[in-house]
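Below is one structure; the comments refer to it alone.
The values are calculated or read from the model by the stated rules, or taken from the named source; none is laboratory data. All values reported here derive from a predicted model rather than from experimental measurement. FYI the Cβ positions are ideal-geometry reconstructions off the backbone, even for glycines, and counts take in every protein chain you see.
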């Protein structure tokens, strides 16, 4: 009877482990799909911004030309970021799925640590973008006050680019935060299952 009971418990926990594997696969698929969509947006927006900047540079307007430079810089960063992470994330996801099948708990802990590090950076990114937007507003105010089209153009370009980038950073933070919650939930379910299994085999069964 004891052996049967413990066998049933072991089978139940094996099923739970398989479910945790499925949950991990689904969580990573959701996360990297959202990340790819975001990085695709970075790429497309960066290309569009650089195209707009190239157009503004050709205009016979000091205001338009001045606005083009901060837009061009931010567009180049967005484009290169989108391209880089589209390639990097594919490799990370593939490696995660392989390692998780062999060592689920250690892989979960490593991925959780990685995401904790990633998520800690978002407040700094958003603060930097907010400061850049405020700087742009300040330059716009100075340009209007001094009737300086160069300051006005630079301020408008900087403020616009920073606000758009701030929105993208907010989306990235939301995606990363949700993924971290999913990882914590899966890790907790595996930990509880392991402790239950240990307790079952250590506790004598009376029948």
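Figures for the structure shown
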{"item": "Residue 183 being in a helix (DSSP H, G or I) and either within 18 Å of residue 32 (Cβ to Cβ) or touching a residue at least 40 places away in the same chain (Cβ under 8 Å) (or both)", "result": "yes"}
{"item": "Answer residue from the stretch 138-162, given it is free of Cβ contacts under 8 Å to residues at least 60 places away in the same chain and surrounded by 16 or more Cβ atoms within 10 Å (Cβ to Cβ) and is farthest from residue 62 (Cα to Cα) among those", "result": "159"}
{"item": "Criterion: under 21 Å from the mean Cα position of the chain (by Cα), modelled with pLDDT of 90 or more and either closer than 24 Å to residue 188 by Cα or outside any helix (DSSP H, G or I) (or both) - qualifying residue of 32, 85", "result": "32"}
{"item": "Meets criteria (within 30 Å of residue 159 (Cβ to Cβ) and crowded, with 19+ Cβ neighbours inside 10 Å) for residue 61", "result": "no"}
{"item": "Of all residues making up the stretch 46-58, the number that are surrounded by fewer than 19 Cβ atoms within 10 Å (Cβ to Cβ) and either at pLDDT 95 or above or in a helix (DSSP H, G or I) (or both)", "result": "7"}
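Matching residues to (1) surrounded by fewer than 18 Cβ atoms within 10 Å (Cβ to Cβ); (2) touching a helix residue (DSSP H, G or I) at 6+ places or on another chain (Cβ under 6 Å); (3) farther than 20 Å from residue 169 by Cα; (4) modelled with pLDDT of 95 or more:
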{"site": "67", "(1), (2), (3), (4)": "no, yes, yes, no"}
{"site": "78", "(1), (2), (3), (4)": "no, yes, no, no"}
{"site": "97", "(1), (2), (3), (4)": "yes, no, yes, no"}
{"site": "109", "(1), (2), (3), (4)": "yes, no, yes, no"}
